[in-house]
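Since the structure comes first, as structure tokens, the remarks are kept for the end.
Computed from the coordinates by the stated procedures, all read-outs in this text should not be read as laboratory data. These numbers come from a predicted model, not from an experiment. Neighbour counts run over all protein chains shown; Cβ positions are idealised from the backbone, glycine included.
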Amino acid sequence: MHHQRRDRPVSPLRPPSLSPRPGLRIKSPDQLVAESGADLEGHGLKRTMGLFQLVCFGVGAIVGTGIFVGLSDTVAEAGPAVVLSFVLAAITCIFTAFSFAELGGAIPVSGSSYSFAYATLGERIAFLVGWCLLLEYGVSVSAVAVGWSQYVNELLNSLVGWHLPAALSAGPGDGGVINLPAIVVIMMAATLLVRGIRESAGATAAMAVLKIGILIAFCAIAFTAFEAGNLTPFVTHGPAGVTAGASLAFFSYIGFDAITTAGEEVKNPRRNIPIAILICIGVATLLYCAVALTAIGALGADAVSDKPAALSLIVDQVTGSTVGGGIIAFGAVVAIASVVLAVMYGQTRILMSMSRDGLVPRVFERVSPRTATPVANTWIVAAVFAVPAAFASLDVVVNLTTIGTLGIMVAVNVAVIALRRRNPGLKRSFRVPLYPLSPILGVIFCLYLMYGTGWATWVQFAVFLAAGAAVYAGYSRSRSRLAGADQD
């Protein structure tokens, strides 16, 4: 027997899509866009980035530590078949990139996957997505800064034949005491970010063009020593090696979704965000496959694996001089610094969106009227993530960052399906092809790469999610601004 339900009267100020149950609080896309455009306290973000700057920002966020530092670890897992690992990781990214492109064009706000989840899957899932973004954007800043430190030493060696003391250039896990260069690059990025997005975007564009040029130059130099025999046997460690390599190679693509965090500072975001995402994935994949093929073809997989600054070492051996390796090291220093800049930008914008919703303290949403940037937010992020950069090892966080990012991408692919069902008439400047097959394949590929990270990483990830759930239950749920709306 069915009973007639008596609905509560809906306040004209309360969005009709809100659910009174905390875990199912959902914000409509229109509400998210309206709130992001509101000029809170007289000063908000400004739209200053065009398509070229946005593409450079995306390349700046993607191309860095993964190829300059992480290539050696990926080759150790997959051998010459590392190219297949990069392609498998790219396919995973492409399906998810389609989803990000649709959502970024439909909901052009700074919150990226956090806001997408809020509009489709509810507040509790949105908070856990934002919690995982602390891994993708925040912890990866620390990992990237550690990689920057390695190439700073390589550059100093090429220029003046001198290294920084191990005690001051590595954390305790790597035989040192404190990693000062890692702290320096984070603080440099924060200084540039608080000056303004126009200055940050200009610097990122210049660094992106430079590092693409450096990687192309590396391919040209390495190709002069290319020997096809170095690529055989191709699948050295079997399909399992390719899968494990793809899970590591995925770290090289982390950051492309940072493009969607610029939703409130991009001109014509509904058009430019989807285009920029797809261009960046294509550019990164071509670069990675070319660098991996020429590197292994020049010296063989054994010479590339387990070498922290492998690209510089390869150029040194091919040319018989330290000059070429010094140039590559300089390119890596610039490339990795641009990743720190772009990823820190993304983290601050995520926290700004969460702060607007009341899920984290309000200090993160305050924007300076002079620079139109979240100054306090930026310095807090820099200070917090300088600590693991100074004392942690790169290897400790790579797998955990990867699985957290893949978990976010599962949520984004599901969000596309949920938004199509919930808001079929919403304006979309881009639609995923072969819907719903594309987002479903995105989920499957993400879960497959998550499997490849190993059981120990799954345990760490489960503990991390449990901690996030506890923070939400103990702090964020009661302070949510939607909770206040439910009580009005």
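Distance between the pseudo-spin-label points of ALA166 and VAL384 (7 Å out from Cα toward the beta carbon): 3.3 nm. Each of the trypsin sites (Lys or Arg not before Pro) that DSSP puts in a loop and that has at most 16 other Cβ atoms within 10 Å breaks the chain; the longest unbroken stretch is 48-266.
Here r is the Cβ-Cβ distance between ARG271 and SER478 and R0 is 56 Å; the resulting FRET efficiency, rounded to 0.05, is 0.90.
From least to most packed, judged by other beta carbons within 10 angstrom and beginning with the fewest, ASP174, ASP257 follow the order ASP174, ASP257. Cβ-Cβ distance of VAL235 and TRP455, R₀ of 22 Å, FRET efficiency by 1/(1 + (r/R0)^6): the value works out to about 0.40.
Report D for the stretch 358-459 in µm² per second (integer): Stokes-Einstein, Kirkwood Rh on Cα pairs, 25 °C, 0.890 mPa s.
Values: Rh = 17.2 Å.
Approximately 142 µm²/s, per Stokes-Einstein.
Return LEU359, LEU286, LEU311 ranked ascending by Cβ neighbour count within 10 Å, so the fewest neighbours appear first. Walk me through the intermediate numbers first.
Numbers: LEU359 26, LEU286 12, LEU311 29.
Going from sparsest to densest Cβ surroundings: LEU286, LEU359, LEU311.
I'd like the distance between the alpha-carbon centres of the stretch 174-233 and the stretch 343-366, rounded to an integer number of Å. So the separation of the two Cα centres works out to 27 Å. Per the Cα gyration tensor, the chain maps to an equivalent ellipsoid with semi-axes of 39, 24, 20 Å, ordered largest to smallest.
Around the Cα centre of the stretch 364-488, unit charges on the Cβ atoms of Lys, Arg, Asp and Glu (plus for the first two, minus for the last two) sum to a dipole of about 600 debye. Using only side-chain charges placed at the Cβ, +1 for Lys and Arg and -1 for Asp and Glu, the dipole size of the stretch 310-386 relative to its Cα centre rounds to 380 debye.
R0 = 45 Å: FRET efficiency of LEU465 with VAL209, Cβ-based, nearest 0.05? Before the final figure, lay out each step's value.
Details: r = 39 Å, r/R0 = 0.86.
After rounding, the FRET efficiency stands at 0.70.
If the chain linking SER321 and PHE223 were pulled fully straight, counting 0.36 nm for each residue of separation and taking away their Cα-Cα distance, it would gain 33.6 nm. Backbone geometry of the stretch 454-462 corresponds, through the Karplus equation with coefficients 6.51, -1.76 and 1.60 at θ = phi - 60°, to 3J(HN,Hα) couplings of x, 5, 4, 5, 4, 5, 4, 5, 4 Hz, x marking Gly and Pro.
This model, with +1 at the C-beta of Lys and Arg and -1 at the C-beta of Asp and Glu, gives the stretch 42-470 a dipole about its Cα centre of some 1880 debye. Among HIS163, HIS237, the ranking by other beta carbons within 10 Å of each residue's beta carbon, starting with the fewest, stands as HIS163, HIS237.
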